[in-house]
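Presented below is the structure to which this report refers.
The values are calculated or read from the model by the stated rules, or taken from the named source; none is laboratory data. Not measured: the values here are computed from a predicted model. All Cβ positions, glycine included, derive from the backbone under ideal geometry; neighbour counts span all protein chains shown. Surface areas here come from the heavy atoms of the whole protein model, side chains and all, with no ligands, DNA or RNA. Shrake-Rupley method; radii C 1.70, N 1.55, O 1.52, S 1.80 Å.
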Number of protein chains: 2
Amino acid sequence: MARSPEKTSSGMEAENIAEAIIAGNRQMLARAITLVESSKEEHQEKAHAVLDLCLAQQSESMVIGITGSPGAGKSSFIEALGEEIIHRGLTLAVLCIDPSSRRSGGSILGDKARMEKLSTRPEAFIRPTPSSCHLGGSGPRTHETIMLTRAAGYDVILVETVGVGQSEVQIENMTDCILLLMLPGSGDELQGIKRGIMEIADIICITKTDGEQERSASLAQADFEAALGMLPPKYEGFHRKVLLTSALKGTGIAESWEEIATHFSFMRERGILESHRQEQLFRLLEGLVENELKKQFHADPAVVRRKKEIEAAVLSHSLSPFSGASLLVKAFTRRR
Amino acid sequence: MARSPEKTSSGMEAENIAEAIIAGNRQMLARAITLVESSKEEHQEKAHAVLDLCLAQQSESMVIGITGSPGAGKSSFIEALGEEIIHRGLTLAVLCIDPSSRRSGGSILGDKARMEKLSTRPEAFIRPTPSSCHLGGSGPRTHETIMLTRAAGYDVILVETVGVGQSEVQIENMTDCILLLMLPGSGDELQGIKRGIMEIADIICITKTDGEQERSASLAQADFEAALGMLPPKYEGFHRKVLLTSALKGTGIAESWEEIATHFSFMRERGILESHRQEQLFRLLEGLVENELKKQFHADPAVVRRKKEIEAAVLSHSLSPFSGASLLVKAFTRRR
């Protein structure tokens, strides 16, 4: 399954890779993403050179995060929304963030069975990102993947995030608009939904409102609208909607797209889109600084020299982790 | 709602606070947790002094993580399991990790309505931790709260985590045993469950197996057992069980506790518990180092001096974030 980043970098200069991406060469985009995901130092250096060139390319891509609990029907919804987007004459990229698997990466059933129709479309670029390498950190690799995809000039980039939790904050830092997908049902579900998720959502889509669920769907809609009413607005002047959708019946999908378009118009008019993207760039810088700082710390000779001894003292309870951390950081900073 | 950390630290020395915690003074435990959660420098210093003293206290607390999607019935399950634990003559603390709200912290419906019965029990200490302050990082404050609670000598500490995602990795670094709660239902849900969550679970409890759900529950059990069978075992020699539970009917709760006890016996016999706790201590040290490093970086005069200019260059697209990050870190490290 894993592509070799060696292939990517064989002989090709960063300039050529970036040019090809910007010209719309998908194979090169896929290879550059593999390069970005590689942990090898030389690949990282080349990836940064490619990204530098890609960043210079201004892009008008609409980057949309799709989030929701497992089982909320994200894949089916994206498949249906993707068809709608292509039908409207727009080009589409779909990226997946999966922050949940540390040991092996990927879902149990795999990505193959997912988005079957969409993946055969020439207008769509589908890339599952097994971002298992930077768990627990604010790893900016998904962000980098989004930036490469933006440089490729797709009109719409859908970023699917798996699971509900900290990844929400990350997705907010990387996307322009967030759709929260929720199953019909109220009470229990609403109790479980935390403010944070509702607060960052721009549009809520209730999914699978078909068959037996049709009755409970409008109740759920009312519940979510009430819940939104209890929260401060995300943007002053934009009323967040709760839409009923069914990927199976194809209902509410066009409305979802129209609501997304309305949201983008609103953000453009108010200058929110621009300031949001500035904020994203700022967060990326922060994330990169943290990563670089950690890298330098762990490579520092003074740290390497003292690390084993301090770790052993902490593990044998003769030194507290707080004092240990303090000693290690001092070893790094007091070098002069 | 928020307690004042001022009160906590007023006049009391770290030694007295730690002593009171170890002696089982709950009010002091609650205050020390507030101290740990404070972002004020002086509170942090005192908190570390208290933690140093508490860490010296060896504790045999069983620390159990309870995780699962929103709506999986975590509160009801914890309430029922808590009653079972108290019924068996053990003391209990319940801590909650909520990594999902950045803006305001806490759930929409609040914690008041939750665990009503348990919170009136003198044997139980209930503490919701609004860990909203260290989102996106590997913030060790929940870990610190667990350590304080361990020093207080509770037999069992249940740590509830909200949402499914990166917090799973954090909870694995802080607890001895992880229960994954899942609603009955198969197919869809199983597709949505990522390997990572199944991989770290020690016991899977299917919840709400009552009423209309009773039929689908045993199907779900078979599905989850099959899914577990596809994964490598978490510990060689320990067969992970999938239990059917209903907090409403009170079924499967005693069995869940017995399975937890079996798991702890297994871990103790094989020396896994000890090595797992060493690993936790190691991770805590790592998290503290990262925090300290970031703090020193942002307080560094050379960084402060160059930061504004570099940030402005990145935001105006005249400098790439990669080059910007590199320049900032160099400003910090090249001080001699």
| task | For B:Glu60, A:Glu79, write out the residues from largest to smallest accessible area, computed with a 1.4 angstrom probe and no ligands counted. | result | B:Glu60, A:Glu79
| field | Virtual spin-label span in nm between B:Leu90 and A:Glu279, 7 Å along Cα→Cβ | value | 4.4
| note | Neighbours of A:Ser59 by Cβ distance under 12 Å: Lys/Arg at +1, Asp/Glu at -1, summed charge -1
| Taking every residue in B:45-53, how many Cβ atoms of other protein chains lie within 10 Å of its Cβ, on average? | 2
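Using a probe radius of 1.4 Å on protein heavy atoms only, what is the accessible area buried between chains A and B, both sides summed, to the nearest 100 Å²?
Chains A and B together bury roughly 7900 Å² of accessible area.
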| query | Average partner chain C-beta neighbours within 10 Å, per residue of A:289-301? | reply | 5
| Gain on full stretching of the segment that runs from A:Ser326 to A:Tyr235 - 0.36 nm per residue minus C-alpha separation | 28.6 nm
| A:Thr120 versus B:His317, label points 7 Å from Cα toward the beta carbon: distance in nm? | 3.9
| task | Taking each label point as 7 Å beyond Cα in the direction of the beta carbon, state the distances from A:Pro301 to the same residue in the other copies, shortest first, in nm. | result | 2.6
| remark: For region A:283-333 the mean separation of alpha carbon contacts under 8 Å (6+ apart) over residue count, i.e. relative contact order in percent, is 37
| Other-copy label distances relative to A:Arg334, 7 angstrom Cα-Cβ extension, nm | 2.5
| request: For each pair in B:Lys74/B:Lys249; A:Lys308/B:Lys295; A:Lys294/B:Lys330; B:Lys294/B:Lys330; B:Lys40/B:Lys295; A:Lys295/A:Lys330, compute the distance between the two Cα atoms and list the pairs where it is over 18 Å. | output: A:Lys308/B:Lys295
| message | Taking 22 Å as R0, compute the FRET efficiency from the Cβ-Cβ separation of A:Glu41 and A:Arg334 and round it to 0.05. | response | 0.20
| field | Teacher prompt: A:Arg270 distances to equivalent labels in other copies, 7 Å Cα→Cβ, nm | value | 5.4
| note | Extension length gain for A:Ala302 and A:Glu15 (0.36 nm per residue less Cα distance), in nm, is 99.5 nm
| task | Could you work out the Kirkwood radius for region B:283-333, taking every pair of different alpha carbons, averaging 1/r and inverting it, reported in Å? | result | 11.7
| Sequence of B:Ser216, A:Ser256 when ordered by accessible area, the most exposed leading, probe 1.4 angstrom | B:Ser216, A:Ser256
